[in-house]
Amino acid sequence: MKNSRTLTADVQIPYLGFGTYLIANDDVVAPVRAAIAAGYRHIDTAEGYENEAGVGAGIKQALESEGLARNELFVTTKLWPGNTAWGQTAKTTESTVTSLDESLRRLGLSYVDLYLIHAPFEREQRLAQWRGLVELKRQGKARAIGVSNFSVKHIEELKAAGLPLPDANQIELHPWSQKTALVRYLEDNRITPIAYSSLVPLSTWRTAEGHASAKTDQMKADGAQADTPFKVMARKYGVSEAQVLLRWAIQKGYPVLPKSTSPDRIRKNADLFGFALDEGDMAAIAKMDRGDGVAWPMGDPTKAA
Ligand SMILES: NC(=O)c1ccc[n+]([C@@H]2O[C@H](COP(=O)([O-])OP(=O)(O)OC[C@H]3O[C@@H](n4cnc5c(N)ncnc54)[C@H](OP(=O)(O)O)[C@@H]3O)[C@@H](O)[C@H]2O)c1
């Protein structure tokens with residue numbers, strides 16, 4: 001299969017991206033460098049991760065050491081929209097536009113390949129923020145624009161206002177949260193689904209202190225079993241469980257964003273194009289859906305009012 005997917009007429013998005021959530025600014029330089037050296041050409045960060053400066057430093061160092069040009073790398077960042085329910089100020093069109101300027105300054109870049117609204121929290125300001133992203137695309141500061149954690153209802157709001165549709169929607173997608181109706185809607189509307197938290201079913205997913213999630217005790221127990229279906233498949237293909245989960249996503253057409261701070265896992269998670277899950281395994285995984293996502297400790301944000 002190809003290693004990238006068409007995002008817009010001018011922009012290809014690499015299937016393999018590197019996630020940086022929960023890697024602190026001071027710690028993120030080395031993993032970003034390691035990822036780019038291992039072949040990742042797509043890096044995902046966000047204003048809300050408070051690590052854009054470190055991500056930018058890692059990108060700069062890796063471009064030099066790997067002899068790459070900026071246009072060989074795909075970089076995503078996200079607007080933190082503000083959440084009044086959490087005592088924050090909601091961004092307006094104007095503060096959305098200046099937010100990307102600040103992200104670019106921290107990243108040390110003149111443009112990003114994709115700019116996303118991180119979540120649909122701000123009902124009163126959703127359209128205003130989207131207008132800001134449309135303006136940023138017009139200015140060339142974001143080559144493509146999209147949303148994250150938006151449901152069909154949230155995207156229909158944009159459509160009803162006569163605004164251009166997003167190029168992508170980054171959502172929690174893995175065998176335990178397949179969101180089939182939302183994905184069908186996205187594909188029908190030419191919106192690329194980007195998968196985050198692909199590795200939720202692993203027993204090792206976010207076990208570090210403070211890396212909270214809404215994963216249930218049942219899920220934790222199931223992930224720790226000696227013979228999970230993913231372990232069985234991993235043995236069959238001679239790969240890791242993580243590779244099975246990531247390969248499932250890209251075979252479905254979803255770019256993935258595995259995060260790791262381990263150089264060995266970073267390298268192995270990138271090895272996705274030398275094997276394929278057979279039809280029987282894809283059909284077996286299709287039956288494993290358990291519903292809503294678990295990456296956000298306070299509940300699946302696609303459910304936002
Ligand atoms: N838009 C959103 O709202 C949103 C929400 C969540 C995530 N994201 C994006 O998506 C990215 C990925 O999601 P995520 O960080 O939630 O989780 P993930 O990438 O699915 O999983 C990361 C977890 O799995 C472990 N891990 C990684 N590779 C492994 C391997 N080969 N074997 C065993 N364990 C492994 C990591 O530990 P080690 O680091 O110790 O290896 C970490 O605990 C994020 O970093 C972020 O960029 C976006």
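Residues in segment 119-143 that are assigned to a loop (DSSP other than H, G, I, E, B), surrounded by fewer than 21 Cβ atoms within 10 Å (Cβ to Cβ) and in contact (Cβ under 8 Å) with a residue 40 or more places away in the chain: 1 in all.
Count, please, the residues in segment 275-292 that happen to be open to solvent by 50 Å² or more (accessible area, probe 1.4 Å) and within 16 Å of the ligand (Cβ to nearest atom). Total satisfying the criteria: 2.
Based on what the data block shows, is Tyr15 in contact (Cβ under 8 Å) with a residue 12 or more places away in the chain, in contact with a helix residue (DSSP H, G or I) (Cβ under 9 Å, 6 or more places away or on another chain) and open to solvent by less than 40 Å² (accessible area, probe 1.4 Å)? Against the criterion (in contact (Cβ under 8 Å) with a residue 12 or more places away in the chain, in contact with a helix residue (DSSP H, G or I) (Cβ under 9 Å, 6 or more places away or on another chain) and open to solvent by less than 40 Å² (accessible area, probe 1.4 Å)), Tyr15 qualifies.
Scanning segment 144-167 for residues that are closer than 19 Å to Lys303 by Cβ and either open to solvent by 40 Å² or more (accessible area, probe 1.4 Å) or among the hydroxyl-bearing types (Ser, Thr, Tyr) (or both) returns Ser148, Ser151, Val152, Lys153, Glu156, Glu157.
Go over the candidates Ala53, Ala62, Ala30, Ala69 one by one and state the one that is of a type in the set (A, V, I, L, M, F, W, C) and closer than 28 Å to Phe150 by Cβ. Exactly one residue qualifies, and that residue is Ala53. On the stretch given as segment 225-243, residues that are within 30 Å of Leu186 (Cα to Cα) and either part of a loop (DSSP other than H, G, I, E, B) or in contact with a Pro (Cβ under 9 Å, 6 or more places away or on another chain) (or both) total 5. Checking each residue in segment 212-224 for being without any contact (Cβ under 8 Å) to a residue 40 or more places away in the chain and away from the ligand (no atom under 15 Å from the Cβ) picks out Asp217, Gln218, Ala221, Asp222.
Per-residue answers, yes or no, for (1) more than 10 Å from the ligand (Cβ to nearest atom); (2) under 18 Å from Pro301 (Cα atoms); (3) among the polar types (S, T, N, Q):
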{"site": "Arg190", "(1), (2), (3)": "yes, no, no"}
{"site": "Ala195", "(1), (2), (3)": "no, yes, no"}
{"site": "Leu202", "(1), (2), (3)": "no, no, no"}
{"site": "Phe230", "(1), (2), (3)": "yes, no, no"}
{"site": "Lys236", "(1), (2), (3)": "yes, no, no"}
{"site": "Glu241", "(1), (2), (3)": "no, no, no"}
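Among the candidates Ala35, Ala57, Ala62, the residue that is over 19 Å from the mean Cα position of the chain (by Cα), within 24 Å of Ala242 (Cβ to Cβ), among the aliphatic types (A, V, I, L, M) and surrounded by 17 or more Cβ atoms within 10 Å (Cβ to Cβ) is uniquely Ala62. Of all residues assigned to segment 177-190, none qualifies as being open to solvent by less than 10 Å² (accessible area, probe 1.4 Å), of a type outside the set (Ser, Thr, Tyr), farther than 24 Å from His154 by Cβ and not in a loop (DSSP other than H, G, I, E, B). Here segment 246-269 is the region considered, the condition is being out of contact with any helix residue (DSSP H, G or I) (no Cβ under 7 Å at 6 or more places or on another chain), within 10 Å of the ligand (Cβ to nearest atom) and in a loop (DSSP other than H, G, I, E, B), and the residue that is least open to solvent (accessible area, probe 1.4 Å) is Leu257. Under the condition of being hydrophobic (A, V, I, L, M, F, W, C) and assigned to a helix (DSSP H, G or I), the residues counted in segment 66-117 number 6. All conditions in (1) at positive phi; (2) surrounded by 14 or more Cβ atoms within 10 Å (Cβ to Cβ) hold for Ala295, with the sole exception of (1).
The values are calculated or read from the model by the stated rules, or taken from the named source; none is laboratory data. All values derive from a computational prediction rather than experimental measurement. Quick reminder, even Gly has a Cβ in these numbers, built from the backbone with ideal geometry, and neighbours come from all protein chains shown. We work out accessible area using only protein heavy atoms, side chains counted, and drop any ligands, DNA or RNA first. Shrake-Rupley method; radii C 1.70, N 1.55, O 1.52, S 1.80 Å.
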